[in-house]
Amino acid sequence: MATRVPGRVAVIRGLTRRFGERAVLDGLDLDIAPGEFIALLGRSGSGKSTLLRALAGLDGGAEGELEVTGSVAVAFQEPRLVPWKRVLANVALGLAAPDAAQRARRALAEVGLTERAGAWPLTLSGGESQRASLARALVREPGLLLLDEPFSALDALTRITVHQLVLRLWEAHRPAVLLVTHDVDEALILADRVLVLQDGKIAHEELIGAARPRHRDHPDLVSMRDRL
Ligand code: ADP
Ligand code: MG
């Protein structure tokens, strides 16, 4: 285990994950600061999901040092809602707090799904499912929010709406976000820092100026939104 580093929600040193002979992650180093929005790019099969699973504590097979401070929540490409539980129960799932239902309601309101609290997951649209999945992640008040290609199954307009929602939630709660995407534009529009995973390591890193228009403020999108 790495020594806890103040001012970091995650510290990764020399993380290696082998499947058979192949090291999918091969001595990867990464620090994540509180509240930063990181986009992680990389070819299919480069190990992005493997890295997220390790960060989420869902993979015990990685070697190296991995220290995560605070709670972690994950939202996947497919929302993975439990089909036999209503939307509210899905969001509250696993919450130990006595006010779990109340917190779940609040999270659903934040993603604009109050109306669908009593619905069955299979009756939700793709965008609604993804919003429910975000509510389920948020209700845990994560210090680190891991998003594994959450937008890629959405149509273009729905994707824009969910982008804006993610930015709004990020601004309101300020978790550190690690967003996996294969869309370079999406990475540049949303993130403070863009990383490229290649050959098992962070091969490239780009800091994006804080002054550029965020997606929600982008003039083209503002006018598009006005027309919707
Ligand atoms: P990405 O998310 O970047 O597309 P993944 O992290 O899902 O890539 O996978 C990276 C590589 O590791 C792929 O070649 C994949 O087949 C392999 N891999 C992932 N999980 C397993 C597993 N549980 N067993 C064997 N190979 C795996
Ligand atoms: Mg993946």
(Q) Looking at (1) more than 16 Å from ligand 1 (Cβ to nearest atom); (2) part of a strand (DSSP E or B), which one does L178 not meet, given that it meets all the others? (A) (1)
Q. Looking at region 76-89, which of its residues are part of a loop (DSSP other than H, G, I, E, B) and out of contact with any strand residue (DSSP E or B) (no Cβ under 9 Å at 6 or more places or on another chain)?
A. E78, P79, R80, L81, V82, P83, W84, K85, R86
Q. Can you pull out the residues in region 18-70 that are touching a helix residue (DSSP H, G or I) at 6+ places or on another chain (Cβ under 8 Å), assigned to a loop (DSSP other than H, G, I, E, B) and more than 16 Å from ligand 2 (Cβ to nearest atom)?
A. none
Q. Looking at (1) in contact (Cβ under 8 Å) with a residue 40 or more places away in the chain; (2) in contact with a strand residue (DSSP E or B) (Cβ under 9 Å, 6 or more places away or on another chain), which is the one condition that is false for L93?
A. (2)
(Q) Given the criterion small (G, A, S) and farther than 15 Å from V177 by Cα, identify the matching residue among A62, A39. (A) A62
Q | Residue tally, condition in contact with a helix residue (DSSP H, G or I) (Cβ under 7 Å, 6 or more places away or on another chain) and modelled with pLDDT of 90 or more, over region 72-92 | A | 12
Q: For A73, state whether it is in a loop (DSSP other than H, G, I, E, B) and either touching a residue at least 24 places away in the same chain (Cβ under 8 Å) or away from ligand 2 (no atom under 16 Å from the Cβ) (or both).
A: no
Q. From the list L138, L146, L108, L165, which residue is out of contact with any strand residue (DSSP E or B) (no Cβ under 6 Å at 6 or more places or on another chain), crowded, with 21+ Cβ neighbours inside 10 Å and in contact (Cβ under 8 Å) with a residue 40 or more places away in the chain?
A. L138
Q.
Residue pairs, Cβ under 7 Å, 6 or more apart or interchain, first in region 24-50 and within 12 Å of ligand 1 (Cβ to nearest atom), second aromatic (F, W, Y) and outside any strand (DSSP E or B). List them.
A. none
Q. Which one of A109, A119, A137 is at pLDDT 95 or above, outside any loop (DSSP other than H, G, I, E, B) and of a type in the set (G, A, S)?
A. A109
Q. Quick one: would you say E171 is closer than 26 Å to I38 by Cα and not hydrophobic (A, V, I, L, M, F, W, C)?
A. yes
Q: Could you please let me know if A101 is outside any loop (DSSP other than H, G, I, E, B), hydrophobic (A, V, I, L, M, F, W, C), away from ligand 2 (no atom under 16 Å from the Cβ) and under 24 Å from S49 (Cβ atoms)?
A: no
**Q.** Residue, farthest from ligand 2 (Cβ to nearest atom), within region 168-191, restricted to residues that are surrounded by fewer than 17 Cβ atoms within 10 Å (Cβ to Cβ) and of a type in the set (A, V, I, L, M, F, W, C)
**A.** A172
Q | Options E171, E205: the member that is acidic (D, E), at pLDDT 90 or above and farther than 27 Å from L28 by Cβ | A | E171
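The values are calculated or read from the model by the stated rules, or taken from the named source; none is laboratory data. Source: prediction; values computed, not measured. Note that each Cβ is placed from the backbone with ideal geometry, even for glycine, and that neighbours are counted across all protein chains shown.
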